Each structure stands twice: as structure tokens, then as C-alpha cells.
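Taking it in order: structure first as C-alpha cells, then the write-up.
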Amino acid sequence: MVATPQPSAAASSAAPARRASAISLARLRWRHLELPLLSLAAALLIVSIALPYWHLTLHAPQYPQGLTIDVYVYKMEPLRNVREVDNLNHYIGMIPLTDAATIERKISRFAIPVLAAMAIASFWLRGRWRTLARVPMVIYPVVFVADLFAWLYYAGHSLDPHAPLSSSIKEFTPRLYGTGIIGQFSTKASFEPGFWLAVAAAVIVLVVMLLGRRSRDAAR
């Protein structure tokens, strides 16, 4: 019988050492990427403040070119179109556009940079604090869409019964995206560059969270 050679003690201990070294190197490389990715996401989110998040075009026989409104996180433009749409909405009893999301528009320019700063600061945090600092930036686009839909629903379901044309239209929810019909008006809604930058920022932070978790699991 031929004896099977047994690996030496040195060879047996070398494999775990090489694996530990490879894991340490991978974690070091990841740490070098993590902060730049978080910084990029924060920059995208802050830039999004200066760009429109949502766009609405309203068409009617008296407005063949349409009335367009760009919704930013803190304002709506152009003001002349906002006033014109408010005048039209008055006849069916809808609230003025400027009465919607007043609190959100007031705090957005301060709250959004805070979210960005929290994501960057999470690089130096550990455990659940790191996750808690990143989650708000990940869910922010979802919160924006939910808040916008809630205001659209409220606007179409709180019509003034004393409005001049209140009897000609039933409660409705304006379209969040795509084309809709409201009486003799047609509307077209779409999400704009500011929103998509916020989505990109959220995706980057989510990827950082997932890859960071994988790196920590591999080290165990």
C-alpha cells in the first residue's frame, strides 16, 4: 500500500492566512471606494434641488399651446402659468397649487442637504447607526412620489361644492404620470431630471449598503 502524503502543518496554516490576507485586501479596496461613492450620491442629491422634479402640461381649447408647470422641491414655475391654472381650478373648486405641500417646500432646501450629509457621515459610523444614516437617502424618491400622489389625491377629492362648475365634475385623482382627462382639459405629467438625479443617488447608496454588507459577511 502506498502511503498518501499528508500536507505539512505549515501548508495547512498557509491557506487560511492567504484567505485572510485576500479578504483584508478586498475590504481595504472597498473602503477606498465607499467614501467617493457616498460623496457622489450626496452631490447628485444636492444638485437635484436646482432642477425640476415633476412637469405638468395642461391642454384646453383656449390654450392650444398648453400651460406648462415645472415643480421643484421648493417652488413651481413659471408663476404666470401657476396663477392661470389656479384661476381655472377655482371654477371646479380645486385648491390653489400654491396651497399644496407648503411645509415640504419650506424645509426641502434644508432637509435635502441634511440627508446628503448623513450619507457621507455614515462612512465613519458603525453598526445600525451606519444603516440608519443611509436609509433616508435611499427611500427619499419613494417618499417624494408618495407625497406628490397624496397631494394630487387630496386636490381632486376636496372640491369646493360652492364652486361655479362644481356640479359638472366628480371627484378625481390627477395623473401622477402620463396623460389624463379632467373635464374639457387634458393633462400630461412626467418626472423630470431633478427626480431622476435623486433616484440615481438612492441607487448608489443602496449599492454601497449591499456591497458593504457582502464585504462584512465575507470577512466572517
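The values are calculated or read from the model by the stated rules, or taken from the named source; none is laboratory data. All values derive from a computational prediction rather than experimental measurement. All Cβ positions, even for glycine, are placed from backbone atoms using ideal geometry, and neighbour counts span all protein chains on display.
Some notes on this structure:
- Tally of residues being assigned to a strand (DSSP E or B) and at pLDDT below 95 across the range 182-204: 5
- Filter pass, Ala14 being out of contact with any helix residue (DSSP H, G or I) (no Cβ under 7 Å at 6 or more places or on another chain), at pLDDT 55 or above, small (Gly, Ala, Ser) and loosely packed, with under 11 Cβ neighbours inside 10 Å: no
- Verdict on Leu56 being buried (at least 17 other Cβ atoms within 10 Å of the Cβ), touching a helix residue (DSSP H, G or I) at 6+ places or on another chain (Cβ under 6 Å) and not in a helix (DSSP H, G or I): no
Here is a yes/no grid of residues against (1) assigned to a strand (DSSP E or B); (2) modelled with pLDDT of 95 or more; (3) surrounded by 14 or more Cβ atoms within 10 Å (Cβ to Cβ); (4) over 17 Å from the mean Cα position of the chain (by Cα):
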{"site": "Arg175", "(1), (2), (3), (4)": "no, no, yes, yes"}
{"site": "Gly180", "(1), (2), (3), (4)": "yes, no, yes, yes"}
{"site": "Leu206", "(1), (2), (3), (4)": "no, yes, yes, no"}
{"site": "Met209", "(1), (2), (3), (4)": "no, no, yes, no"}
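- Exactly one residue out of Val145, Val85, Val114 is within 22 Å of the chain's Cα centre (by Cα) and surrounded by 13 or more Cβ atoms within 10 Å (Cβ to Cβ), and it is Val145.
- Single unsatisfied condition, Ala146 versus (1) part of a helix (DSSP H, G or I); (2) in contact with a Leu (Cβ under 7 Å, 6 or more places away or on another chain): (2)
- Residue match in the range 60-79 (condition: at pLDDT below 60, charged (D, E, K, R), at negative phi and not in a loop (DSSP other than H, G, I, E, B)): no
- Scan the range 97-142 for residues that are among the basic types (Lys, Arg) and in contact with a Ser or Thr (Cβ under 7 Å, 6 or more places away or on another chain) and the total you get is 2.
- Single unsatisfied condition, Ala163 versus (1) in contact with a strand residue (DSSP E or B) (Cβ under 9 Å, 6 or more places away or on another chain); (2) of a type in the set (Gly, Ala, Ser); (3) surrounded by fewer than 17 Cβ atoms within 10 Å (Cβ to Cβ): (1)
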